[in-house]
Amino acid sequence: MSNLKLGVEVVSAHDLMPKDGQGSASAFVELHFDHQKFRTTTKEKDLNPVWNENFYFNISDPNNLSNLTLEAYVYNHSKENNSKSFLGKVRLTGTSFVPYSDAVVLHYPLEKRGIFSRVKGELGLKVFVTDNPSIRSSNPLPAMDSSLSADSRSTQAQAPEQQIPNSVPKLFSSGKNDSPQQTMNYGTNEMRSEPQAPRIVRMFSDSSSQPVDYALKETSPFLGGGQIVGGRVIGGDRIASTYDLVEKMMYLFVRVVKARDLPTKDVTGSLDPYVEIRVGNYKGITKYFEKQRNPEWNEVFAFARDRMQSSVLEVVVKDKDLVKDDFVGIVRFDMNEIPTRVPPDSPLAPEWYRLEDRKGVKVNGELMLAVWYGTQADETFPDAWHSDAVTPTDSRPLSLHTYALKFTILQDYGNQVLKTRIVQSRTMNPVWNEDLMFVAAEPFEDHLILSVEDRVGPNKDESVGKVVIPLNSVEKRADDRIIHSRWFNMEKSVSAAMDEHLAKKDKFSSRLHLRVVLDGGYHVLDESTHYSSDLRPTAKQLWKPSIGVLELGVLNADGLHPMKTRDGKGTSDTYCVAKYGHKWVRTRTIINSLSPKYNEQYTWEVYDPATVLTVGVFDNSQIGGSNGNRDIKIGLWNYRFRARYPPHMNTRISCADAVHPDELDEEFDTFPTTRSPEMVRMRYDRLRSVAGRIQTVVGDLATQGERIQSLLSWRDPRATTMFVTSCLVAAIFLYATPFQVLALVAGFYFMRHPRFRHRTPSAPINFFRRLPARTDTQQCRPSGKIRGKKPPPGHCNTENDSDCCVKGKLYTTYKCSPPVSSHNKAYLTINSFEKGGDGGGPSACDNHYHSDDIPIVALSTGWFKNKGRCFHNITITGNGRSVVAMVVDECDSTMGCDEEHDYQPPCSNNIVDASKAVWKALGVPEEDWGRLDITWSDV
């Protein structure tokens, strides 16, 4: 008999539908699986019930597990007639069941049982498979009787405390059992109010790599926003605040503002005052002022309320002396009379208090104080002195920005060394024109060292000179603007280059021509490619807007290992560090505690959902440590890993079982790819074919839309008239005919027998398809062909490598050109507009010749528009530059190979024939003149 069992943990429900007529419901859950039924206890008058009950089903046939279904029904129990009413259900297929190590609590939306059901809310379940033989299945479901009352208990297995294995070798490929995961009790004490042991949640799919002692434990703390149950926040009675992710901690805040008219204590008549705040064994001290009877401190002290062992707060003013500090005065407060402040209440205003001596008699001098109870949400908490912690000297978030140091030629930066190529120059002016790149990080305190060396022999170089450039003097940029180059004086040594006086004393005449820039448009990979925390560029102005905010609440740590000995006992002084992207945060240091409570909350802006969050716990070795000044890492948690097999995925609904294995292999392939180049090329070809089909479908939709637009825009008056008339007739017919009759007739027509169907489309559809679309009217097709003739001697000028007609060859002619837009793609050719040049006769616009030193062009026949663009200016863009030229001639696309056209072939329909001045303005080298891809537009 198989030991395989299905475990179901019913955690909680949220936002159920009220059913008792009083705005509430008494909910319980029934579980149905493989002809077995179990029921939870009933939660009276609760729309957000919490059960945390476990049940185990026998699996009769493990090979048929994927075809079985788990159904969870939520009912409301009515005491009046001992009946139940439906609240919702959840249905899970066997393909979503996973081992215990991969199981997590998921909240499923409740489904309707029928079309008339009214359902809302969610049900939290944790479903897993186990083969532990020591676990017995739960007891069968009893009949509907008084056991449904509030005094009922869960009908679960009465097994002793047992442990659940983490994997199921028969169904899953892990192949081995893991260490025990969790101790669970299946008795009646499930309903007691005592706090339950925290549940363990594994982060890795391979559970053998994570021992139980170091696994994540799921807790249910009471936070500022409510209680955490099964990963969901159950809201409390009050509104959420800034610190709704951490537990509330009460503190006694004492704000010492200033004092006035303090009495003198020294023989010289001076006073060096400071204030001492005492609460039981805790004591806080302000700074002292020399010879000041009216000091101002404005310091805040925070004492943890749970550690106070006194009912009196004493604020003592003392005089600082070399031997023993003198008593000046005291102010006492009864702890029971101190008010409590809860933000967003206004801060308590400080008051003046008269000082007293030790006997309670009023003395000279007053002290301004503010005393109140508050939480860590108080705005003074971050800057206050804490009785249970040591605040870091600088707790501001840290951020490291790395720049790309880019310059043209050489050479050395920090531990990075780059070299240019060796230039064999016969002159004393070598030229490199090379770009080298280093990684530079803030603050820019280093120097860039460039060394020019002479290769005098094999593996033997002699230094010619050096240049040292401080990075803080290098210009920064975040765009592609051009950085101007500079000449730098070379020195004989690095010390001479860094010392101005020595450089003036020992003159050196050589100089080095450089272009140096700190480029912030790069992202410097300081981590592994598969594990990068942030891929944004260094410059902030290039960052895209954030997609959300990440909030982290650091609650506490438990069971830390002692890192030092104090008073004969092991202890630790711990703090937490969290990193998300480039931003680091650090909590305060909690001293003398192996179970510290931090309860601090931080936020980050999220730019990429795959960014890694890292949280580490460290021991502060600067406080009585034995490891020098280096803090010791206690633990590190990296929130990166996810379950390999998501339990919420339904393979049938998602059609994952119908996907081709090659598509799954492509989806889960790593980066960079591990597949062969032929496989990658095949996948890209497949992607191109899919994109081509999508483009075809989109083009067909656009064509239909243009045809509809032609119907409505009176582009074809006859078609629009017929359409309006048919619409009028249809409106009259619909007005006179009931809609039911129309629907019936239309249904019979569309479902008619194929014998009554015709292969040819109907007349209205055929008429609609024949309407003109923009794709039909904008295509420029050839108008014909001409046969080439052999040019006579002395004809066909080939000054600019012009082509001459070939006898018998057919040349295509055009009467049109591609449609004109804001960016017309064309080919730029070269032509001479001077007399005797290869352009033939004078220009068509003014019947004159023109100089090639001015920017002028000739356009193809369609763009020339029968002299419609004569003397118009156009903007030509190419080779990264733009130039404005005037249209003076036509590049004939309709005729050619005759004396009028100098026996040259007809132009293509997308030609811009330009003078030499246009080519020069675009910066094209003269040896590359002839043909260039450009775009042009009307000015």
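The values are calculated or read from the model by the stated rules, or taken from the named source; none is laboratory data. Everything quoted here is computed from the prediction, not taken from an experiment. When we count neighbours, we look across all protein chains shown, and the Cβ atoms used for this are built from the backbone with ideal geometry, even at glycine. Quick note on the areas: whole protein, heavy atoms, side chains included, nothing else; ligands and nucleic acids left out. Shrake-Rupley method; radii C 1.70, N 1.55, O 1.52, S 1.80 Å.
Worth a mention:
- The C-beta contact set for segment 821-841 (first residue among the aromatic types (Phe, Trp, Tyr), second residue exposed (fewer than 15 other Cβ atoms within 10 Å of the Cβ), distance under 7 angstrom, 6+ apart or interchain) comprises Tyr827/Arg931; Tyr827/Asp933.
- Asp480 being of a type in the set (Asp, Glu) and open to solvent by 90 Å² or more (accessible area, probe 1.4 Å): yes
- Candidate set from segment 308-324 (those that are touching a residue at least 40 places away in the same chain (Cβ under 8 Å) and in a loop (DSSP other than H, G, I, E, B)); member that is most open to solvent (accessible area, probe 1.4 Å): Lys320
- Any hit, segment 267-282, residues being over 26 Å from Glu337 (Cα atoms) and outside any loop (DSSP other than H, G, I, E, B): yes
- Which numbered condition Cys907 fails, given (1) within 52 Å of the chain's Cα centre (by Cα); (2) surrounded by 15 or more Cβ atoms within 10 Å (Cβ to Cβ): (1)
- Residue in segment 1-14 that is open to solvent by 50 Å² or more (accessible area, probe 1.4 Å) and among the acidic types (Asp, Glu) present: no
- Subset of segment 590-616 [within 17 Å of the chain's Cα centre (by Cα) and either in a strand (DSSP E or B) or at pLDDT 85 or above (or both)]: Thr603, Trp604, Glu605, Val606, Leu613, Thr614
- Single unsatisfied condition, Val256 versus (1) closer than 26 Å to Tyr598 by Cβ; (2) in contact with a helix residue (DSSP H, G or I) (Cβ under 6 Å, 6 or more places away or on another chain): (2)
- Flag for Arg715 being among the basic types (Lys, Arg), more than 30 Å from His660 (Cβ to Cβ) and in the same structural domain as Ile765 (by the TED database): yes
- Any chance Glu462 is modelled with pLDDT under 85, open to solvent by 70 Å² or more (accessible area, probe 1.4 Å), in contact with a strand residue (DSSP E or B) (Cβ under 6 Å, 6 or more places away or on another chain) and in a strand (DSSP E or B): yes
- Check on Ser832, farther than 21 Å from Asp898 by Cβ, out of contact with any Pro (no Cβ under 6 Å at 6 or more places or on another chain) and modelled with pLDDT of 85 or more: no
- Test result for Val912, on the phi < 0 side of the Ramachandran plot, modelled with pLDDT of 90 or more and surrounded by fewer than 18 Cβ atoms within 10 Å (Cβ to Cβ): no
- Residue count for segment 843-897 satisfying the condition of being closer than 24 Å to Tyr811 by Cα, open to solvent by less than 50 Å² (accessible area, probe 1.4 Å), assigned to a loop (DSSP other than H, G, I, E, B) and not acidic (Asp, Glu): 6.
Every residue, every condition in (1) out of contact with any Ser or Thr (no Cβ under 8 Å at 6 or more places or on another chain); (2) within 15 Å of Val371 (Cα to Cα); (3) outside any loop (DSSP other than H, G, I, E, B), yes or no:
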| residue | (1), (2), (3) |
| --- | --- |
| Val256 | no, yes, yes |
| Lys287 | yes, no, no |
| Asn298 | yes, yes, yes |
| Asp306 | yes, no, yes |
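- Meets criteria (over 21 Å from Phe381 (Cβ atoms) and at pLDDT below 85) for Asp619: no
- Cβ pairs under 6 Å, 6+ apart, first in segment 917-928 and farther than 15 Å from Gly880 by Cα, second of a type in the set (A, V, I, L, M, F, W, C) and open to solvent by 60 Å² or more (accessible area, probe 1.4 Å): Ala917/Ile854
- Qualifying position, being more than 28 Å from Ser310 (Cβ to Cβ) and open to solvent by 10 Å² or more (accessible area, probe 1.4 Å), among Val267, Val257: Val267
- Qualifying position, being in contact (Cβ under 8 Å) with a residue 60 or more places away in the chain and either of a type in the set (S, T, N, Q) or open to solvent by 40 Å² or more (accessible area, probe 1.4 Å) (or both), among Pro339, Pro350: Pro350
- Of the strands (runs of 3 or more DSSP E) lying entirely inside segment 1-109, those containing at least 1 residues that are among the β-branched types (Val, Ile, Thr) span 5-14, 27-33, 50-58, 69-78, 83-93.
- Checking each residue of segment 543-557 against the condition of being within 38 Å of the chain's Cα centre (by Cα), at pLDDT below 75 and either of a type in the set (S, T, N, Q) or surrounded by 10 or more Cβ atoms within 10 Å (Cβ to Cβ) (or both) gives at least one match.
- The residues on offer are Thr571, Thr587, and the sole one that is at pLDDT 85 or above, touching an Asp or Glu at 6+ places or on another chain (Cβ under 6 Å) and within 24 Å of Tyr251 (Cα to Cα) is Thr587.
- Condition check for Gly329 on (1) open to solvent by 20 Å² or more (accessible area, probe 1.4 Å); (2) over 44 Å from the mean Cα position of the chain (by Cα): one failure, at (1).
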